[in-house]
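Peer 1: Pasting in a structure now, in structure tokens, and then I'll have a few things to ask.
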Amino acid sequence: MRHAHTVETVRAAERALMARLPEGALMQRAAAGLAAACAGLLGRVYGARVVLLVGSGDNGGDALYAGARLARRGAAVTAVLLAPDRTHGGGLADLRAAGGRTVTADAALPLIGRADLVLDGIVGIGGKGGLRPAAVPLARAARDSRATVVAVDLPSGVDADTGEVTGPVVHADVTVTFGTYKPGLLIDPAAGHVGAPRLIDIGLGPGLPAPALEALQFAEVAALLPVPAPESDKYRRGVVGVVAGSDRYPGAAVLAVAGALRGGAGAVRYAGHGGEAVLARFPETLVTTGPPSEAGRVQAWVVGPGLGDGTEARRSVDDVLASGVPVLVDADGLRLITREQVRARTAATVLTPHAGEAAALLGRSREEVEAARLASVRELAEQYGATVLLKGSTTLVADPDRAVPVRVNPTGTSWLATAGSGDVLSGLTGSLLAAGLAPRDAASVGAHLHGLAARLASGSAAGVGAPVSAQDIAATLPAAWRQVTGG
């Protein structure tokens, strides 16, 4: 499991650790790990040209001490001091003793243009807002240069706790972070500036409190996947009901059923107007044209994809929400629910909006949701008393209990932005609900498998990849399942 902690939690853990260590030892640990990471990126350290962008405080100190270590190995290291009167004294003295030199910001641009590596130590994890005006030309020059840009702890200008970006920021190729991940490293829009994150152990240890954010890895996903026992039948494995599609959008029914059939449940019941199209593709589906409540026994429902917003669609949503089993609501279904209706349910509810749908549910603009994804998914989960899977460039899963860490999905590819892919995700996640997974686990595992399947289908795991369709993603789900389990 990859964990991320808030700035306040990290600061408290660092203070407790520093009280047990000699003065300066913690910063030296961070600097040693940072220097080793930079040396690995450079390959040949001797003769390499390294530029440090140094702000005030400990973040700049980390950069200076790391730069001193590189200078002792033969690198030509120059520190650009953005706040000369507030530069970390010990780090500056160490760099100069190692043969490094310093310049002011107005002399930095040519040096950055010739650098092999630029180390961003402008602002630490406590920084708020974008870069100050004096730092913006330096960040832009670093991005435009041929140098590898390495951020210290996080790219300067991003919000460590939320992933929000409110102004100009450093765009890193690699971010070397200390002790634990910070939420902003894993959530867009900030995550788009992080590059490849690398975690350096500085001894904060297992004593850290519960994280604010977590990301499932293969081992955790494999442990949650349903595996039928020898005595299982389709009802023991779970039956999922799908209410999707319409005369206008029968394909949504096909795609939702495709995801459901590959999600681990024992059977899929379909209720709606897309039955003919569903049976043509998946004859194993149990189809009815009546209301969902007359479809037969299910352990979970999926409702909404391609349903439309007419009177019959509204009746279907109401019918499903009145059931006593877990329900996943997606797409058109999200426009037909009320907050009170969802909060009144005794069984679990999972909502799976994209940013535009989340904005409508919250009564704000799409841009506001995309700029503050973490706050938005938490607020939605609290308001509706439901588990919320917020789709997007970084998919987040929030529980209505704020004390439970939000989960961020580590898989996926930009090729997922294709019509119908969300329908497949809904069916897959609903099937996992029917198989007995808790709502938060079903949503997290569904997003993980869905993103991995898209990577495999597009070939993007090894490069940029190629376009995929929703059908490609559904067809690749078994391969993603096998990759996670090693089967």
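The values are calculated or read from the model by the stated rules, or taken from the named source; none is laboratory data. If you're wondering where the values come from, they're calculated on a predicted model, not measured in any experiment. As a convention, Cβ positions derive from the backbone with ideal geometry for all residues, glycine included, and neighbour counts pool all protein chains shown. Quick note on the areas: whole protein, heavy atoms, side chains included, nothing else; ligands and nucleic acids left out. Shrake-Rupley method; radii C 1.70, N 1.55, O 1.52, S 1.80 Å.
Peer 1: At 0.36 nm per residue, minus the direct Cα-Cα distance, what do Val103 and Ala403 gain on full extension? Give it in nm, one decimal, please.
Peer 2: Between Val103 and Ala403, full extension yields an extra 103.3 nm.
Peer 1: Determine the percent antiparallel among the DSSP beta bridges restricted to the chain, to the nearest 5.
Peer 2: In the chain, approximately 15 percent of DSSP beta bridges are antiparallel ones.
Peer 1: Taking the 0 to 90 degree range and rounding to the nearest ten, how far is the long axis of helix 439-458 tilted relative to the main principal axis of the chain, both from C-alpha atoms?
Peer 2: In the chain, helix 439-458 runs at an angle near 80 degrees to the longest axis.
Peer 1: Can you return the lysines within cross-link range of Lys391? Criterion is Cα-Cα under 17 Å, with same-chain partners fewer than 8 residues away left out.
Peer 2: Reachable lysines: none.
Peer 1: Which distance in nm do the two modelled labels at Thr346 and Ser393 give, with both placed 7 Å along the Cα-to-Cβ direction?
Peer 2: Placing both labels 7 Å beyond Cα along the Cβ direction yields 4.4 nm.
Peer 1: Please give the helix 470-485 orientation as an angle from the longest Cα principal axis of the chain, in degrees from 0 to 90, rounded to the nearest 10.
Peer 2: 70
Peer 1: Through the Karplus equation 6.51 cos²θ - 1.76 cosθ + 1.60, θ set to phi - 60°, convert the phi angles of the range 408-425 into ³J(HN,Hα) values in whole Hz; use x for Gly and Pro.
Peer 2: Using θ = phi - 60°, the values come out as 10, 7, x, 9, x, 7, 5, 5, 5, 6, 9, 4, x, 5, x, 5, 5, 4 Hz.
Peer 1: Sorted by mean Cβ packing within 10 Å, highest first, what order do the peptides 329-335, 379-385 take? Intermediate results must be reported in sequence, preceding the final value.
Peer 2: Details: 329-335: 24.1, 379-385: 19.6.
Result, highest mean Cβ count within 10 Å first: 329-335, 379-385.
Peer 1: Note down the relative contact order for the range 1-133 as a percent, whole number, built from C-alpha pairs under 8 angstrom at least six residues apart. Mind dumping the intermediate values first?
Peer 2: Numbers: 210 pairs, mean separation 36.3, N = 133.
Reported as a whole number, the value is 27 percent.
Peer 1: Using only the alpha-carbon atoms of the range 403-466, report the extent along each of the three principal axes, biggest first, to the nearest angstrom.
Peer 2: Sorted from largest, the Cα extents of the range 403-466 read 36, 25, 16 Å.
Peer 1: Okay, next question. Spelling out what I want: for every residue of the range 190-198, take phi, set θ = phi - 60°, compute 6.51 cos²θ - 1.76 cosθ + 1.60 (Karplus), and round to whole Hz; glycine and proline get x.
Peer 2: Calculated HN-Hα couplings, in order: 4, 4, x, 10, 7, x, 8, x, 10 Hz.
Peer 1: Averaging sequence separations of C-alpha pairs under 8 Å and six or more residues apart, then dividing by the length of the chain, give the relative contact order as a whole percent.
Peer 2: 12
Peer 1: In addition: First compute the accessible area of the range 1-158 with a 1.4 Å probe, then give the percent of it belonging to carbon and sulfur atoms.
Peer 2: 51
Peer 1: Quick one: Debye curve from the alpha-carbon atoms of the range 51-125 only, equal weights, vacuum; give me log10 I(q)/I(0) at q = 0.26 Å⁻¹ to two decimals.
Peer 2: -1.22
Peer 1: Once you place label points 7 Å from the Cα toward the Cβ at Ala419 and Asp247, how far apart are they in nm?
Peer 2: My value for the distance between the label points is 2.0 nm.
Peer 1: If you don't mind, another one. Would you compute the Debye intensity of the range 102-178 from its alpha-carbon atoms alone, equal scatterers and no solvent, and pass along log10 I(q)/I(0) at q = 0.11, 0.22 Å⁻¹ to two decimals?
Peer 2: Values, matching the q order: -0.25, -0.97.
Peer 1: Let me check the size of the range 308-407 from its C-alpha atoms; what are the radius of gyration and Dmax in Å?
Peer 2: Using the Cα atoms of the range 308-407, the pair Rg, Dmax is 13.0, 39 Å.
Peer 1: For Ala223 and Glu276, compute 0.36 nm times the residue count separating them, minus their Cα-Cα distance, and round to one decimal in nm.
Peer 2: 15.4 nm
Peer 1: Taking only C-alpha pairs under 8 Å that are 6+ residues apart, what is the relative contact order of the range 70-191 in percent?
Peer 2: Worked out over the range 70-191, it gives 21 percent.
Peer 1: Using a basic spin-label model with each label point 7 Å from the Cα along Cα→Cβ, how many nm lie between Ala19 and Glu284?
Peer 2: Rounded to a tenth, the inter-label distance reads 5.9 nm.
Peer 1: What ranking, highest mean first, results for peptides 201-214, 302-315 when packing means the other Cβ atoms within 10 Å averaged over each residue?
Peer 2: 302-315, 201-214
Peer 1: Sort 121-129, 235-243 by packing, meaning the average of other beta carbons within 10 Å per residue, with the highest value first.
Peer 2: 235-243, 121-129
Peer 1: Show which lysines lie in cross-link reach of Lys128 when reach means a straight Cα distance below 21 angstrom and same-chain residues fewer than eight apart are skipped.
Peer 2: Straight-line reach from Lys128, under 21 Å: Lys182.
Peer 1: Okay, moving on. Once the piece of chain linking Val136 and Asp233 is laid out straight, how much longer is it, given 0.36 nm per residue of separation minus the C-alpha distance between them?
Peer 2: Residue separation times 0.36 nm, minus the Cα-Cα distance, leaves 28.7 nm.
Peer 1: Compute the FRET efficiency between Ser365 and Ala475 as 1/(1 + (r/R0)^6), taking r as their Cβ-Cβ distance and R0 = 45 Å, and round to the nearest 0.05.
Peer 2: On the way: r = 36 Å, r/R0 = 0.80.
After rounding to 0.05, the efficiency reads 0.80.
Peer 1: Can you tell which of Val170, Gly184, Ala142 lies farthest toward the positive end of the dipole of the range 142-194, using +1 and -1 charges on the Cβ of basic and acidic side chains (Lys, Arg; Asp, Glu)?
Peer 2: Checked the options; the winner is Ala142.
Peer 1: Step through the residues of the range 235-246 one at a time and calculate ³J(HN,Hα) from phi using the Karplus curve (6.51 cos²θ - 1.76 cosθ + 1.60, θ = phi - 60°), rounding each to whole Hz and writing x for Gly and Pro.
Peer 2: Karplus values, whole Hz, x for Gly and Pro: 6, 5, 6, x, 10, 10, x, 10, 10, 8, x, 7.
Peer 1: Further, regarding this structure: Taking a ≥ b ≥ c as the square roots of the eigenvalues of the Cα gyration tensor of the range 232-350, is the shape rounded (a/c under 1.5), prolate (a/b larger than b/c) or oblate? Intermediate results must be reported in sequence, preceding the final value.
Peer 2: Values: a/c = 1.85, a/b = 1.14, b/c = 1.62.
Cα axes put the range 232-350 in the oblate bin.
Peer 1: Estimate the FRET efficiency between Ala93 and Met1 by the formula 1/(1 + (r/R0)^6), using the beta-carbon distance for r and 45 Å for R0, to the nearest 0.05.
Peer 2: Numbers: r = 40 Å, r/R0 = 0.89.
Efficiency, from the Cβ-Cβ distance: 0.65.
Peer 1: Kindly provide the Kirkwood hydrodynamic radius of the range 358-426 in Å, to one decimal, from all pairs of distinct alpha carbon atoms.
Peer 2: Numbers: mean 1/r = 0.0791 Å⁻¹.
Hydrodynamic radius (Kirkwood, Cα pairs) of the range 358-426 is 12.6 Å.
Peer 1: What's the long-distance tail for the chain, i.e. % of Cα pairs beyond 44 Å? Present the calculation step by step, with values, prior to reporting the outcome.
Peer 2: Details: 28191 of 118341 pairs.
That fraction is 24 percent.
Peer 1: Taking only the alpha-carbon positions of the range 1-71 and ignoring solvent, what does the Debye formula give for the base-10 log of I(q)/I(0) at q = 0.11, 0.28 Å⁻¹?
Peer 2: So the normalised log intensities work out to -0.34, -1.24.
Peer 1: Calculate how steeply helix 373-384 sits against the longest principal axis of the alpha-carbon atoms of the chain, using the helix alpha-carbon long axis, and give the answer as 0 to 90 degrees to the nearest 10.
Peer 2: 40
Peer 1: Also: How much FRET efficiency would the formula 1/(1 + (r/R0)^6) give for Tyr46 and Arg482, where r is the Cβ-Cβ distance and R0 is 41 Å, rounded to 0.05?
Peer 2: FRET efficiency, Tyr46 to Arg482: 0.35.
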